[in-house]
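Beneath this line is the structure, given in structure tokens, with notes to follow.
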Amino acid sequence: MTEVEIGFGDGEHLIRRASEHPERTFIGIEKKSSRAAVVATTIERKHLDNILILQSCAHEAFRDLLPSCSISRIYALFPDPWPKRKHVMYRIFSSEYLRLMNNRLQHGGEALIVTDSEQYYHWILKQTPGTGFVVEHDTIPPLYNTRFERKWVDRNQHSFFRIRLEKTRHIEMSDSSSIAS
């Protein structure tokens, strides 16, 4: 089983999952090199040999490095919602990206997205039709104890928006040429 965390930040969730499940492979994708370096050092110090860190844009990593049907679970906890109208193009969970995620997930695999932004939550839900997922969504209390979750709890936000996507139909990609196997 391979699990991927997109934008792992300080790596708390990624490291916790890898420690709890040494039989699984974990891939952490983080665009910021400083965060990737700090988490890589922590992983080395804890002797966790089941985590691979990719310092990359998530879209490029999924497109170029991860093969079709190779992932069992994807996490994105508190991704940047890019709230300004002029920044919407930078949001990660467009319908195009969701179709790419679908292609990389195994049948029955799932993606879990948790956000503090109700606006982003609704935007993501509008992106899901035609992406091969059954969608479940709800609000949840703090569950993940990540830096961003704690930040919002400190600011008195005690419920978050969760989207769970389960792959039920495979989406073929015309450019599904990955370099990893």
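Local charge for PRO141 was computed over the other residues whose Cβ lies under 12 Å away, with Lys and Arg +1 and Asp and Glu -1, and equals -1.
Restriction of the GluC sites (Glu not before Pro) in region 82-181 to DSSP coil positions whose beta-carbon has at most 11 other beta-carbons within 10 angstrom yields GLU172. Short-range pairs are left out: with C-alpha atoms under 8 Å and at least six residues apart, the relative contact order of the chain is 24 percent.
Remark: the chain carries a charge dipole of roughly 460 debye about the Cα centre, counting +1 on each Lys and Arg Cβ and -1 on each Asp and Glu Cβ. Pairs from the list LYS84/LYS126; LYS32/LYS126; LYS32/LYS86; LYS31/LYS84; LYS32/LYS151 with a Cα-Cα gap above 24 Å: LYS32/LYS126. Taking Cα centre as origin and charging only the Cβ of basic (Lys, Arg, +1) and acidic (Asp, Glu, -1) residues, the dipole magnitude of region 52-154 rounds to 300 debye. Cα centroid distance between region 87-159 and region 1-45, in Å? Region 87-159 and region 1-45 have Cα centres separated by 19 Å.
Tell me whether region 35-96 comes out rounded, prolate or oblate; compute the Cα gyration tensor, take square roots of the eigenvalues as a ≥ b ≥ c, and use a/c under 1.5 as the rounded threshold. Oblate is the answer for region 35-96, as a/c is 1.5 or above yet b/c matches or exceeds a/b.
Across the options ILE71, ILE15, PRO83, the greatest Cα extent toward the positive end of the charge dipole of region 3-104 (unit charges at beta carbon of Lys, Arg, Asp, Glu) belongs to PRO83. Shape call for region 55-181 from the C-alpha gyration tensor, a ≥ b ≥ c root eigenvalues: rounded (a/c under 1.5), prolate (a/b greater than b/c) or oblate? Prolate. When DSSP beta bridges are restricted to pairs lying wholly in the chain, around 40% turn out antiparallel. Entry comment: accessible area of the chain is 52 Å² per residue, from protein heavy atoms only and a probe of 1.4 Å.
The values are calculated or read from the model by the stated rules, or taken from the named source; none is laboratory data. This is a predicted model, so every value here is computed, not measured. Here Cβ is always computed from backbone atoms with ideal geometry, including for glycine, and neighbour counts include all displayed protein chains. Quick note on the areas: whole protein, heavy atoms, side chains included, nothing else; ligands and nucleic acids left out. Shrake-Rupley method; radii C 1.70, N 1.55, O 1.52, S 1.80 Å.
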